[in-house]
Amino acid sequence: MTTPLSSTGTPIRIGTITLRTPGLAGMARVLPPQAPATRASTQSTDAFEQALLNAGISAQETIEISDSREVGGTAGPGTRSTAYDEPAIEITVPDAGEGWGQFLLSKDESGVITWHFPVDEANRLDVRRGSATRTYVVRRYVATPEQEPQTRGLLGAIGKKILKVLAFRLVKTAGGEIGDYFVRRWEEQKRPHRFRSFLPGSYASADVPDLGPADWPALLAGPALLMIHGTASRTHVGFGGLDQETVRALHERYGGRVFAFDHPTLSLDPRQNAEWFFASLPEGARLTADIVCHSRGGLVARMLAEQEGEFSPGSRSLAVRRLIFVATPNAGTILADGKYMADFLDTYTNLLNFLPDNGVTEVFEGLIEVGKQVAVGMLEGLDGLQSMLPGGRFLSKLNHGARDGKKYFALSSHYEPTVPGWKAWAVDRLLDKIFVAENDLVVPTQGVFDRNGSGFFPIADREIFSKADGIAHTRFFRDPRVRSKILEWLG
């Protein structure tokens, strides 16, 4: 059964849910959890459903709003706005119950997906336990027909709003308190440190064995190429956009000595990643390497290249000759700030949504684990993300010191989505309200190569792509101009 919305903001009751939609007309209905019609109506993809299943997420409520249109007029008393002072929809739903947490995913008519967490009357995160209900405040924005995508994304139903309330079991410490374990536990199980091969026939596959003792003599026989992936990723995801021809060319140049470093990126910081790297090289190894690194992987690469003296490698050593930074937050990204964590989740989710690539399910699964921690107000334990905080402890320590003979190169971009609804959201939210500077949706364009306090910066050998080039943060390696530049610099 559908119920008309009240554009005056008068609360309407639909089952156990209360909606306030000042300035918005349309029809709403609630789809029962787990009902066969739920998935058919929302048209969520297999990747979306599998990620929820893997993360232990239950759909508590699904609300569909159709025929929505902004009608203006004077809203009633108590009308709320988002944290960015945008007109909003207010949704009040039953609490998930004792031992459960909750958050909400919203999709507008243009396909843009945003994350929402329970808030109190002052729009502050509400982590109180024992409340009978939870309230969410969602941007009211209605996409025009021209902004609607031609194909559905992770959470489909083109031309309709979908509000999906999701619940998850809480994790508690021995003392009975909710802990900062969601992301760490997930990465321990699914994102362990390891060295892996990077072969032309299997570089884009997850099903590759770890490097073993028999593999190292060949890698140590001459200069090698090391590939280091970025945030919430793994090698086959981060570098899966490369073509086989480029990977074969790299193997020819390095005599087959090309390998990669898989590592957790959310719960551990780059220093901890580097500690594992040095400790796991074979005894007596003398490794000479060039590095191609993406996003946060560049901070790991800098720890290996610039900070070896801070570790205790024993009989092991690493001599880095050249580093190619691809969209690396060498000066940080404001999305790592705790107050922008929902925007971090929004950004990565919409990159998956509009520009799907290798490993959509597993990347989204990692985002869900971050969302769980945000929902319970536990940002501790996200050291991997906090390492990218501009002016934070990690980057302040990293960005100092003199330059030596290593050669640094940089690839960065200014990206603006071409899908109209996504473009409107990105410009209004990311460009105008958060970054206030050119960016690739995750990292500021200039922050990849510009001065930051380290003697290695600014990087003179750089290629900057404009928004006309259409290269988003997660899509660099699919672009032939990027591949060509990498081969040129490693020539």
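Assorted remarks:
- Rounded to the nearest 10 degrees, the inclination of helix 480-489 to the longest alpha-carbon principal axis of the chain is 30 degrees.
- Positive contributions from Lys and Arg (+1) and negative ones from Asp and Glu (-1), summed over other residues with Cβ under 12 Å from the Cβ of Val208, come out at -1.
- Residues within the reach of a label modelled at Ser317 (point 7 angstrom out along Cα to beta-carbon, backbone nitrogen below 20 Å), restricted to the stretch 189-220, are 216-220.
- The chain - charge dipole about Cα centre, Lys and Arg +1 at Cβ, Asp and Glu -1, debye rounded to 20: 220
- Residues of the stretch 313-336 with amide N under 20 Å of a point placed 7 Å along Cα→Cβ from Asp450: 325-336
- The stretch 381-450 - Rg and Dmax from Cα coordinates, angstrom: 15.2, 47
- Computing FRET efficiency as 1/(1 + (r/R0)^6) for Ala122 and Ala218, where r is the C-beta to C-beta distance and R0 is 45 Å, gives about 0.15.
- Cβ-derived FRET efficiency at R0 41 Å, Arg169 paired with Ala460, nearest 0.05: 0.20
- Ordering of 204-217, 469-482 by packing [mean C-beta count within 10 Å, highest first]: 469-482, 204-217
- Using the Cα coordinates of the stretch 344-491, the gyration tensor eigenvalues translate into equivalent-ellipsoid semi-axes of 26, 22, 15 Å, sorted from longest to shortest.
- Viscosity 0.890 mPa s, 25 °C: Kirkwood-radius Stokes-Einstein D of the stretch 428-477 over Cα pairs, µm²/s: 203
- In order along the stretch 428-445, the phi-based Karplus estimate (6.51 cos²θ - 1.76 cosθ + 1.60, θ = phi - 60°) of 3J(HN,Hα) comes to 5, 8, 6, 6, 7, 10, 10, 6, 6, 6, 4, 7, 9, 5, 10, 10, x, 4 Hz; Gly and Pro are listed as x.
- The stretch 183-489: relative contact order as a whole-number percent, Cα under 8 Å and 6+ apart: 19
- Translational diffusion of the stretch 229-367, µm² s⁻¹ [Kirkwood Rh, Cα pairs; Stokes-Einstein; 20 °C; 1.002 mPa s]: 131
- Database remark: amide H of His473 closer than 5 angstrom to the amide H of Val442 (H placed geometrically; neighbours at sequence offset of 5 or more, or on other chains; Pro and chain starts carry no H).
- Karplus-derived 3J(HN,Hα) values for the stretch 332-344, using 6.51 cos²θ - 1.76 cosθ + 1.60 with θ = phi - 60°, are x, 9, 5, 5, 7, 5, x, 6, 10, 5, 5, 5, 4 Hz; glycine and proline are entered as x.
- Cut-off 10 Å between beta-carbons: net charge of the residues surrounding Val30, Lys and Arg +1, Asp and Glu -1: -1
- Approximating the spin labels as points 7 Å out from Cα along Cα→Cβ, the Met1-to-Lys423 distance works out to 4.3 nm.
- Karplus (6.51, -1.76, 1.60) ³J(HN,Hα), θ = phi - 60°, over the stretch 124-140, in Hz, Gly and Pro reported as x: 8, 3, 9, 10, 5, 9, x, 5, 6, 9, 10, 10, 10, 10, 10, 3, 7
- Model label points for Thr79 and Leu431, set 7 angstrom from Cα along the Cα-to-Cβ axis, are 2.8 nm apart.
- Virtual paramagnetic centre 7 Å along Cα→Cβ of Lys190, amide N under 14 Å, in the stretch 342-375: 359-373
- Modelled spin labels at Glu283 and Ala402, positioned 7 Å past Cα toward Cβ, are 3.6 nm from each other.
- For the chain, DSSP calls about 65 percent of its internal beta bridges antiparallel.
- Largest first, the three principal axis extents of the alpha carbons in the stretch 183-489 are 52, 41, 40 Å in whole numbers.
- Along each principal axis, Cα extent of the stretch 283-432, largest first, Å: 53, 35, 30
- Ordering of 16-23, 381-388 by burial proxy (mean other Cβ atoms within 10 Å per residue, highest first): 381-388, 16-23
A short reminder: the numbers here are calculations on the coordinates, not readings from a lab. Because the structure is a prediction, the values reported are computed rather than measured. Methodologically, a virtual Cβ is constructed for each residue, glycine included, from the backbone with ideal geometry; neighbour enumeration extends over all protein chains shown.
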